[in-house]
1. For the structure I just gave you, tell me whether residue 31 is modelled with pLDDT of 95 or more, surrounded by fewer than 18 Cβ atoms within 10 Å (Cβ to Cβ) and closer than 22 Å to residue 141 by Cα.
2. Out of everything in segment 55-103 that is more than 19 Å from residue 24 (Cα to Cα) and in contact with a strand residue (DSSP E or B) (Cβ under 8 Å, 6 or more places away or on another chain), what residue ends up being farthest from ligand 2 (Cβ to nearest atom)?
3. Looking only at residues in segment 7-43 that are assigned to a loop (DSSP other than H, G, I, E, B) and under 16 Å from residue 78 (Cα atoms), which one is farthest from ligand 1 (Cβ to nearest atom)?
4. I'd like the full set of residues that are without any contact (Cβ under 8 Å) to a residue 24 or more places away in the chain and either touching a strand residue (DSSP E or B) at 6+ places or on another chain (Cβ under 7 Å) or closer than 21 Å to residue 96 by Cα (or both), limited to segment 33-54.
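The values are calculated or read from the model by the stated rules, or taken from the named source; none is laboratory data. The structure presented is a predicted model; accordingly, all values stated were derived computationally and were not measured. Note that each Cβ is placed from the backbone with ideal geometry, even for glycine, and that neighbours are counted across all protein chains shown.
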Ligand code: SF4
Ligand code: SF4
């Protein structure tokens, strides 16, 4: 979905997306029951917790620099097929968030090195020209479990009108 601005090589050299420490397990993707079933086939010992009408991965309690690797991650990357990949992962490093005035906002992670070359204006235009803004806001309306509260380290890019 974001291949026009995020090259596979950039991500292969970085790979920080699918591992979580004690400060960011809230970022674990929200997944459908069907995706959870796919992951369970790959990793039978995976545990889940309910998140609204959907699920997310259950992480063990993490301390210090300990990392929890997404159960779908393998040596060569995510093992899920495109149709099973969580929406949160398809749009990352964009996120759907709710700001202090209850606006739904598309934000971008400031941690993503692949996004550092682009201005906020460029990313805003990209979202609009690719119709990703509509796709993301429509998805958020149908699946509100994917809307996170505004977090440090994320820049607001586009507000839902
Ligand atoms: S943080 Fe950005 S550059 Fe790094 S792997 Fe994730 S999407 Fe790719
Ligand atoms: S589902 Fe796949 S892309 Fe998403 S965090 Fe897990 S391994 Fe990464």
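1. Judged against the criteria, residue 31 is not a match.
2. Here the answer is 103.
3. Of everything passing the filter in segment 7-43, 43 is farthest from ligand 1 (Cβ to nearest atom).
4. Within segment 33-54, 33, 36, 48, 49, 50 meet the criteria.
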